[in-house]
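Chemist: Quick one: structure below, then a few questions.
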Amino acid sequence: MALARTIENEAPVIALRNLTVAYPRYGGEPRTALAGIDLAIDAGEMVGLVGEAGAGKTLLARTIMDAIPGDGRLVCGEMDYRGAPISRIGRDDSPVRPGRDIAMIVSNPRNELNPVLTVGTQITNVIRHHLRLGKAEARERALQMLRAVAIPDPERRLDAWPHELSGGMAQRVVIAIALACNPGLVISDDATSALDVTVQRQVLDLFKALVEDKGVAALLITRDIAVTAHYCDRIVILYDGEVVEDAPRKAFFDRPHHPYSVLLMAAFAHSVSLRRQWTAAPLKTAASPACRFAERCVRRQPRCIAEAPALRDVAPGRRVRCHFPVEAVA
Amino acid sequence: MTLLTVSGLVKHFAISGSAKLVQALNGVDLEIARGETLALVGESGSGKTTVGRCVVGLIEATKGSIVFDGEPMTTARNIRHPEVRGRIQLLFQEPMESFNPRETIARAMMEPLIYLGVSGPDRVKRLREVLALIGISERVAESLPSDLSPGLLQRAAIGRAIMSKPDLLVLDEPTSALDPTSRAEIVDLLIRLQAETGIAYLFISHDLSTVRFLSSRITVLYLGSVMETGPAEEVCARPRHPYSVGLMASVLLPHPSLKAPERLKLEGEIPSPVDLPPGCPLASRCPFVEPACRTAKPPAEYPAKGHLVHCINHEKVAALDESIDQFSEFRAISDRMLSVGAPTAPAWAG
């Protein structure tokens, strides 16, 4: 929303439809790790994807990058990049290249950087490979990028080794590499969780400014709902491979509709009694309920065990997957 | 009644192949009363973990004294002394790494009692008591660590730490490896345990929101020196040290309207603790820095009873305070939000 769509009806940068990834299970049905993900991100929009460990956040990012880990496979689903369907972005004949059009930043920036190459070499390698620039031009562009990510003394840092950088500086370099080829989409996979609070704020402020400035679409993956409250335009909640709620930031934080979203908020609350109210007693039935969240849900009813809820529209730009959402009550 | 007094704690680590020293702690003072929670906050590299490790006796301090329950800890009266053994326990950050993967939870929990000379039947009896206290069934306790979620395993780790009925539990970032919902459960458990057993906590964390909720007093550490110590609500709502102000301003609370006011911005990052210059350790990042800050360490000043600050400009810092207590404001917002739609009857159980 930060940068309104410049042209009416312009296609979103990335659109995922019914993306489903499954892992085979020995002697059983395959496990659906991502179940029918529908998600679109516009240029200049920052979407926060929130979920717990094992919800499928990283898997979603890796699926977009065509790098599904392990023996998981894409069962069905389509992806559009700027309105054009793409089958697999890594394929040679695909016009969309990972690293150039879709870039990713991961946590622990020091592992991300090659310890035996200087910072400058690593940035220019990416630029030269993707943009086919000459050495001098690539170096000039790398310098611009280091300036853009507010690294002090960029000329000298170009020849620095990764071990000479602090955690925050290393993460800035990784951001510089990600944005060097003007990607359409940047995915940040928990990129700031390893940083200290003061540095986390600096890096997030910088990332947000760059996303708005360049009109990049951004997917900010985190388990910390507090980060999304201050930096994202839209919040998407993932639970066990399903999108359970998708809402604009303000509407979401004024009134989260899905019981899981409320539980996530309750986890931050400073009140033990209110927190207990939102924590469910275990379910006694042996059969696995149709709604994936039913086991932990305080609002569950017999219907939730029998019938899986669909992700339905409840307001413009707002979707919830729940039979009994928490409605606004005066 | 004071349980633990740490004064002038200094810890230097030698760097191999160099005459330089890592100055991890440079004169830390703190005090914990029986049954209270003191939080130790600061960025990574500030020396929080080193303090915890010195207190439990995992490493020996270079200088300074630690007085536990009225008696100083010395080489003779150390953590293994019969009077002290089992009375100070430590909880680690990563539950997955602090359990033996080949040993059941129950066995791991009973192990500390072996070294205290508790008989087999008494060990089992105590195990049952503790399992009831932490809310883990005996069936779950018979499983291996790999069968448990990190949150449940951390719960078991807390159980193991309290098996010997310690007076003091040192918690080193106990929740930072966990998901928010598991973190909330662990925090609730810690609060309940303290109410029921009167155990004191030294809570080491960089998660200021949890710290504000859990602790009675906060000590802010920076590069191995105490910057500020005071009651939790005072330090959070009216911090007197520029570093505390910067730290509070970078806290992100989960509501868009709760953007901390940028009263003060700390530039850059924490410098290396090797060969620290004399004077205030914050001098390189502080917007209030004066020549005097760079020559000598600021003395302790007491702006209020029980509130200590090491800053010569603490009055200026207090003056820029708009006294916006974002934590109280957040509490009001979340209480309002969570009380809507909360079920009045327990969830349908099937």
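Throughout, read-outs are computed from the coordinates displayed, never taken from laboratory work. All figures in this text were calculated on a predicted structure; none of them were measured in a lab. All Cβ positions, even for glycine, are placed from backbone atoms using ideal geometry, and neighbour counts span all protein chains on display.
Chemist: Extending each Cα 7 Å along its Cβ direction at A:Arg25 and A:Ala136, get the distance between those two points in nm, one decimal.
Modeler: 6.2
Chemist: For segment A:158-192 and segment A:209-237, what is the separation of their Cα centres, given in Å?
Modeler: Cα centres, segment A:158-192 to segment A:209-237: 17 Å.
Chemist: Can you give the FRET efficiency to the nearest 0.05 for B:Arg192 and B:Glu97, using r as the Cβ-Cβ distance and R₀ = 25 Å? Working shown, then result.
Modeler: Details: r = 26 Å, r/R0 = 1.03.
E(calc), rounded to 0.05, equals 0.45.
Chemist: What FRET efficiency would be calculated for the residue pair A:Asp254, A:Ala53, taking the C-beta separation as r and a Förster radius of 22 Å, to the nearest 0.05? Mind dumping the intermediate values first?
Modeler: Numbers: r = 28 Å, r/R0 = 1.25.
In this case the efficiency is close to 0.20.
Chemist: What dipole magnitude, in Debye to the nearest 20, does the protein assembly as shown give about its Cα centre under +1 on Lys/Arg Cβ and -1 on Asp/Glu Cβ?
Modeler: Numbers: 78 positive and 78 negative charges, 141 e Å.
It comes to approximately 680 debye.
Chemist: Of B:Lys11/B:Lys305; B:Lys63/B:Lys305; A:Lys208/A:Lys250, which pairs sit farther than 19 Å apart, going by alpha carbon to alpha carbon?
Modeler: On the way: B:Lys11/B:Lys305 29 Å; B:Lys63/B:Lys305 28 Å; A:Lys208/A:Lys250 17 Å.
Among B:Lys11/B:Lys305; B:Lys63/B:Lys305; A:Lys208/A:Lys250, the Cα-Cα distance tops 19 Å for B:Lys11/B:Lys305; B:Lys63/B:Lys305.
Chemist: Can you pull the mean other chain C-beta count within 10 Å for peptide A:220-229? Numbers along the way, then the final one.
Modeler: Working: counts 0, 0, 0, 5, 5, 5, 9, 2, 3, 8.
Shielding by partners across A:220-229 averages 4.
Chemist: Would you mind checking the tilt of helix A:197-214 against the longest principal axis of the Cα atoms of chain A, expressed as 0 to 90 degrees and rounded to 10?
Modeler: The angle comes out at about 80 degrees.
Chemist: Separate question: Note the full-extension length gain between B:Glu31 and B:Ala349 as 0.36 nm times their separation in residues minus their Cα-Cα distance, in nm to one decimal. Don't jump to the answer; show the numbers that get you there.
Modeler: Values: separation 318, 0.36 × 318 = 114.48 nm, distance 4.71 nm.
Value of the extension gain: 109.8 nm.
Chemist: Could you give the length gained on full extension between B:Glu315 and B:Met1, defined as 0.36 nm per residue of separation minus the Cα-Cα distance, in nm? Could the numbers behind the result be given before it?
Modeler: Working: separation 314, 0.36 × 314 = 113.04 nm, distance 3.11 nm.
Stretched fully, the B:Glu315-B:Met1 segment lengthens by 109.9 nm.
Chemist: Here's a follow-up. Using the basic label-point model (7 angstrom from Cα toward the beta carbon), what is the B:Phe13 to B:Ser149 distance in nanometres?
Modeler: Result: 3.4 nm between the two label points.
Chemist: At a 10 angstrom cut-off on C-beta neighbours, averaged per residue, how do the peptides A:122-134, B:211-223 rank from highest to lowest? Can you show the working numbers first?
Modeler: Numbers: A:122-134: 17.2, B:211-223: 23.0.
Taking the mean over residues of other Cβ atoms within 10 Å, the ranking is B:211-223, A:122-134.
Chemist: Okay, moving on. Which aspartates and glutamates does B:Lys48 reach when only Cα atoms under 12 Å apart count, and residues fewer than 8 places away in its own chain are ignored?
Modeler: In chain and number order, the partners are B:Asp172, B:Glu173.
Chemist: Right, next: Treating cross-link reach as a plain straight distance, find the aspartates and glutamates whose alpha-carbon is under 16 Å from the alpha-carbon of A:Lys135, omitting any fewer than eight places away in the same chain.
Modeler: Of all the aspartates and glutamates, those that pass the test against A:Lys135 - Cα under 16 Å, at least 8 places apart if same chain - are A:Glu155, A:Asp159.
Chemist: Please average, across the residues of A:295-305, the number of beta carbons from any other chain that are within 10 Å of each residue's own beta carbon, and give a whole number. Please report the intermediate quantities before stating the final value.
Modeler: Values: counts 2, 2, 3, 7, 5, 5, 2, 2, 1, 1, 2.
Whole-number average of other-chain Cβ neighbours for A:295-305 is 3.
Chemist: Next question, about the same structure. How far is helix B:326-339 tilted off the main Cα axis of chain B, in degrees rounded to 10, range 0 to 90?
Modeler: With both axes taken from Cα atoms, the answer is about 40 degrees.
Chemist: Work out how much length A:Asn125 to A:Ser94 would gain on full extension: take 0.36 nm times their residue separation and subtract the Cα-Cα distance, in nm to one decimal.
Modeler: Working: separation 31, 0.36 × 31 = 11.16 nm, distance 2.10 nm.
Extending this stretch completely gives an extra 9.1 nm.
Chemist: Per residue of B:329-336, count partner chain C-beta atoms within 10 Å of its C-beta, then hand back the mean as an integer. Walk me through the intermediate numbers first.
Modeler: Details: counts 0, 4, 4, 0, 4, 8, 5, 0.
So the per-residue partner count for this stretch is 3.
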